[in-house]
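The values are calculated or read from the model by the stated rules, or taken from the named source; none is laboratory data. Because the structure is predicted, anything quoted here is derived from the model rather than measured. Because the Cβ atoms are built from the backbone with ideal geometry, glycine has one as well, and the counts that use them run over all protein chains shown. Accessible surface areas use protein heavy atoms only, side chains included; no ligands, DNA or RNA. Shrake-Rupley method; radii C 1.70, N 1.55, O 1.52, S 1.80 Å.
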Amino acid sequence: MLALKRTNSLSIKTVGPFDLGRLARLHQSCFDDPWSRADLAHLLALPGGFGLLARLFERNLAGLDGMRGVGFALCRVMRDEGELLSIGVGPVYRRRAIGAALLRESMERCRRAGALTMFLEVATDNRSAQMLYRSFGFSEVGEREGYYQRPDGTRVSAYTMRCDLSHLGGRPSGARPWL
């Protein structure tokens, strides 16, 4: 039997109702205070709400092929503003530009839905996420004191960041290809 060699490839699809369990598990693997399946369903049902699921085609040790959910982005568009509500990549799959691919697709979908700008919040101590957002044109426009609560009860502030979506004709400087 002839087997075709297929390298790992990434695809991004819109979250559907059958993806809620996978999305909830991914969110739980990324955050200390994860959103429940019901929370996610409610968010996706809001006007302008949408989710993206990054899937990676992988071949396992038994030689079987499969699509594995490895990351997600949750967004909302209201009038001419988009908001990145949550984004995450499973710990094992980080540092493969999956987050960059999800962010780029989120920005493009918000723009296509009529958003002229996009906002997000990021913890002031999350330097790697801040670097990613800056590479896509986001800049700090404010700070929210004590915005996030950590499992030990401490609070950390968040930067509010904003990006003009009109630059999406080309790839932002510093952005890397998917894989």
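Residue count for the range 150-176, restricted to those that are open to solvent by 80 Å² or more (accessible area, probe 1.4 Å) and either at pLDDT 90 or above or within 23 Å of Arg94 (Cβ to Cβ) (or both): 7. Of all the criteria given as (1) farther than 15 Å from Val15 by Cβ; (2) at pLDDT 95 or above; (3) not in a helix (DSSP H, G or I), the one not satisfied by Phe72 is (1). Can you pull out the residues in the range 11-43 that are among the acidic types (Asp, Glu), part of a helix (DSSP H, G or I) and open to solvent by 60 Å² or more (accessible area, probe 1.4 Å)? Correct list: Asp39 only. Counting only residues that are buried (at least 16 other Cβ atoms within 10 Å of the Cβ) and polar (S, T, N, Q), which one in the range 119-149 is farthest from Val77 (Cα to Cα)? Only one residue tops the list, namely Thr124.
Which members of the range 142-162 meet the condition of being polar (S, T, N, Q) and assigned to a loop (DSSP other than H, G, I, E, B)? Matches in the range 142-162: Thr154 only. Scanning the range 88-135 for residues that are β-branched (Val, Ile, Thr) and either under 12 Å from Arg162 (Cα atoms) or in contact (Cβ under 8 Å) with a residue 24 or more places away in the chain (or both) returns Val89, Ile98, Thr117, Val122, Thr124.
Just one residue in the set Val77, Val92 is surrounded by fewer than 17 Cβ atoms within 10 Å (Cβ to Cβ), β-branched (Val, Ile, Thr) and either more than 12 Å from the chain's Cα centre (by Cα) or closer than 20 Å to Gln130 by Cα (or both); that residue is Val92. Between Leu26, Leu10, Leu64, Leu46, the distinction of being aliphatic (A, V, I, L, M), modelled with pLDDT under 90 and out of contact with any helix residue (DSSP H, G or I) (no Cβ under 7 Å at 6 or more places or on another chain) belongs to Leu64 only.
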